[in-house]
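The values are calculated or read from the model by the stated rules, or taken from the named source; none is laboratory data. Since the model is a prediction, treat every value here as computed from it, not as a measurement. Cβ placement follows ideal geometry from the backbone for every residue including glycine, while neighbour counts extend to all protein chains displayed.
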Amino acid sequence: MILRNFVYRFIMVLGFLIIFFGQKLQALHIIGGEVSYSCISQDTAKKTVTLQFIFTMYRDSKSSGANFDTFADFGIYRKSVDGGSWIYYKTVSNIQVKDINDVSIVQTNPCVIIPLNVGVQKGTYTFTVTLPIIDQNYFISYQRCCRNNTILNLVVPGDTGAAFTCEVTPEAQRTCNSSPVFKDFPPVVICANHALTFDHSAIDVDGDSLVYKFCAPLTAGGKDGSDGGGDASLCTGVSPSPRNCPPPYDEVRFYAPNYSYDNPMGGNPQITINPNTGLITGVPNLLGQYVVGVCVEEYRNGKLIGYLKRDFQFNVTSCEDAVVADMKATLKDGNSYELISCGETEINFVNESTDKRFIKQYYWEFDISGEKKVFSTRDVNVKFPGLGIYNAVMILNKDIVGAEDCRDTASITVKIFPSIEANYSYHFERCVAGPITFMDSSFSGAGPIQKWKWDFKQSTSNQTNPLFEFEKPGSYPVTLFVEDVNNCKDTLTKVIDYFPAAKLIVVDPNTFIGCQPANIYFNNLSQPIDETYQLEWHFGDGEMGDALSPTHTYQDIGSYNVFLKITSPDGCSTEKLWRNLIKVVESPQAGFSFTPEKPNSVQNTVEFSDESLNANSYFWKFDSLGISLLQNPQFTFRDTGDFQVTQVVLHTNGCADTSTVLIHVSPLVTLFMPNAFTPNNDGLNDVYAPVGNFFGINEYTLSIFNRWGERVFYSEDVKKGWDGYRENSSVLAPPGVYAFVVTYIDGFGEKNALKGQVTLLR
């Protein structure tokens, strides 16, 4: 059932796709700001005026954008004498942001729920400066980039910065004037298609006359410095330098012709501002985020002496109506429901209206044969006199004073028709695989059945009495849906047990002629059968099986009959015999020996002797090094290591067998120790070390001892010998006879040890 309160669910287009490019870079968070000032004092002798400026900034508090700049710089400029340009005067630097807090979301209608993902935060920068009183205007500004990407009424809003400014006229300087101050901040959220009435007026402590109008916000800065490239302090940067970037500043670019500074939110009719009161009114009907500028002109004795400008963002969203009349019935349009009962005259009306917190009263009114029946409970149960069409209404908060915005109504049409009952029968031969006949026997008090739908799980049918055959056996739920002329519906499901005998027995062995021993896979393609059927296999060699598709091993040579009997869960059976289906023939037996049994890098030619049985042809593969077709080949291994030698033998009947042996060819170690050496640095026989073939040697050690058993030399490197010095010292060992001990593991993995004497001669 479609619930009307779901129809009213708000659809937020304010995705706030905020992208923040890093510290004090492209700050996609700015949504507005304003500047006001107050006169603190005036020194007529020095001709100076002291003013306090308050820059109030606004940011999107629900985005992932940057926070307020902790410290900001403000530029002060003065008009040139000829009035043609602005001249840089000074920079007020490192003003710290203060009083950061959230702007309250004011909701005057308790029965309209606004989204929770919209929020505004404000912060203020306050500084005091003493200025000479001159005959020209002062211009004060703060420049920053950038605005939200999701703003709809600006061209490329994510690249558009903001300039928040004010001017102090000569008249304002001379009279110690203070600017107007806005009373309130505009509503954070505006609900689309709801009336907007906002007092945007300002207060002027000097009692000056104020005039209000929409005006164009200003833009300054750009993306330079936002992604690590460029200079952020340039006039095209995210934080323009006040010294180098004086006014005037460009106005933001509105998407024309749909939007402009005096029609910032589009729509029809557009919002307006009263020039005398500052009251903004209208009914915004276009969802989105919109930049709006409001200017307040300050007049004294008919002369313009100053102005106040606010640059802010309106968020127009779809809000949810908190009170929505809804019920468990078919929604026909916005507030009309239809409830159809087929045969039942007592109906329970289930109320699904929301939100219960705001519903203080329920009112039901039923027109039953000209008699009005009223109920005041949330759900009601009504007994109708019989078949027919009845009208009713449900009103929420009907008589609650002051709850006009919390009231909703639903009209109800009740249709009571004759009952309908779905039913059917079916027929098929229990043990015969084939189609089943389904016969409808449904009944409706309104007349003949109009629509049928049969659901066989594998397919459907709209026929009255269809035929259907299941592809496989099993227990299948078959559901019949019926509908009569009044759209009354009923359904019935029955479980059909379909387990016929297999009408086709087909067995496909993976081979009909196998080599002894023969592993034969019997692929059972019989239909219709499944795992619930009982199978009885006789393989012809005295062995039996009960698998659906078995694998059987024939050990002996010969021909074999195969028999299969299939029985369904209902006891329906069929069988088949295949005579001489499988033939098993003799296989050869591979085998060989080789000499030498331990080949090495010197004895590396190996003789292979065939020891196979019942073979008449041969194939040898010597790892990846070569092949041979001889019965008794020989092969020379050019390298040491492990090599896989494979023999494949063939019988005359085509049967084959394989034998594989891993042969290890070891490096041959021939290590000898001299009996004397002369370490006298003549370049001949100066070092005592082993000689011979060391390839393949492992875990080698050499130890030298004097006649008192003291070790004078030790090495684990076969290439490092004794140079005649005592171990770990610069002391020469004296001439004489010394004992040596050598240990190592050769290429066959065997441990070896040599002991003897060596004479040191000098």
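Among the residues of the range 623-644, is any in a strand (DSSP E or B), among the hydrophobic types (A, V, I, L, M, F, W, C), touching a residue at least 40 places away in the same chain (Cβ under 8 Å) and not assigned by TED's automatic domain parsing to the domain that holds Gln555? No, the conditions are met nowhere in the range 623-644. None of Gly230, Gly207, Gly221, Gly266 is assigned to a loop (DSSP other than H, G, I, E, B), on the phi > 0 side of the Ramachandran plot and loosely packed, with under 15 Cβ neighbours inside 10 Å except Gly207.
When the residues of the range 330-358 are filtered to those that are among the small types (Gly, Ala, Ser) and either in a strand (DSSP E or B) or under 37 Å from the mean Cα position of the chain (by Cα) (or both), which remaining residue is surrounded by the most Cβ atoms within 10 Å (Cβ to Cβ)? Don't jump to the end; show me each part of the working.
As a first pass, look at the range 330-358 and keep what is among the small types (Gly, Ala, Ser): 334, 336, 341, 343, 353.
Those left that are additionally either in a strand (DSSP E or B) or under 37 Å from the mean Cα position of the chain (by Cα) (or both): 334, 336, 341, 353.
Working: Gly334: 9, Ser336: 14, Ser341: 16, Ser353: 20.
Selected residue: Ser353.
When Phe185 is tested against the conditions (1) in contact with a Pro (Cβ under 7 Å, 6 or more places away or on another chain); (2) surrounded by fewer than 20 Cβ atoms within 10 Å (Cβ to Cβ), the lone failure is (1).
The range 359-421 holds strands (runs of 3 or more DSSP E) entirely within its bounds, and those carrying 2 or more residues that are hydrophobic (A, V, I, L, M, F, W, C) and over 24 Å from Lys489 (Cβ atoms) map to 362-368, 371-375, 388-396. If the condition is being assigned to a strand (DSSP E or B), loosely packed, with under 15 Cβ neighbours inside 10 Å and more than 49 Å from the chain's Cα centre (by Cα), then the range 427-468 contributes His427, Thr437, Met439. When only residues in the range 37-60 that are surrounded by fewer than 20 Cβ atoms within 10 Å (Cβ to Cβ) and closer than 24 Å to Pro240 by Cα count, which is nearest to the chain's Cα centre (by Cα)? In this case the residue turns out to be Ile54.
Wholly within the range 503-557, which strands (runs of 3 or more DSSP E) include no fewer than the required count, namely at least 3 residues that are crowded, with 19+ Cβ neighbours inside 10 Å?
Working: elements: 507-509, 513-515, 518-524, 534-538, 551-554.
Hits in the range 503-557: 518-524.
Restricting Gly724, Gly736, Gly654 to those that are on the phi > 0 side of the Ramachandran plot and crowded, with 18+ Cβ neighbours inside 10 Å reduces the list to Gly724.
Identify the residue in the range 565-602 that is part of a strand (DSSP E or B) and basic (Lys, Arg) and, among all such residues, is surrounded by the fewest Cβ atoms within 10 Å (Cβ to Cβ).
Kept after step one, since they are part of a strand (DSSP E or B), are these residues of the range 565-602: 565-567, 573-585, 589, 592-595, 600.
Still in the list and also basic (Lys, Arg): 565, 576, 579, 583.
Working: Lys565: 15, Lys576: 15, Arg579: 10, Lys583: 15.
The selected residue is Arg579.
Among Thr108, Thr130, Thr197, Thr124, which is polar (S, T, N, Q), modelled with pLDDT of 95 or more and surrounded by fewer than 15 Cβ atoms within 10 Å (Cβ to Cβ)?
Thr130
Name every residue in the range 68-106 that is touching a Phe, Trp or Tyr at 6+ places or on another chain (Cβ under 7 Å) and among the basic types (Lys, Arg), in order of residue number. Arg78, Lys79, listed by residue number. Among residues of the range 466-481 that are more than 19 Å from Ile529 (Cα to Cα), those with a beta-carbon under 9 Å from a residue that is among the basic types (Lys, Arg) and outside any strand (DSSP E or B) at least six positions away or on a different chain give the pairs Val478/Lys457; Thr479/Lys457.
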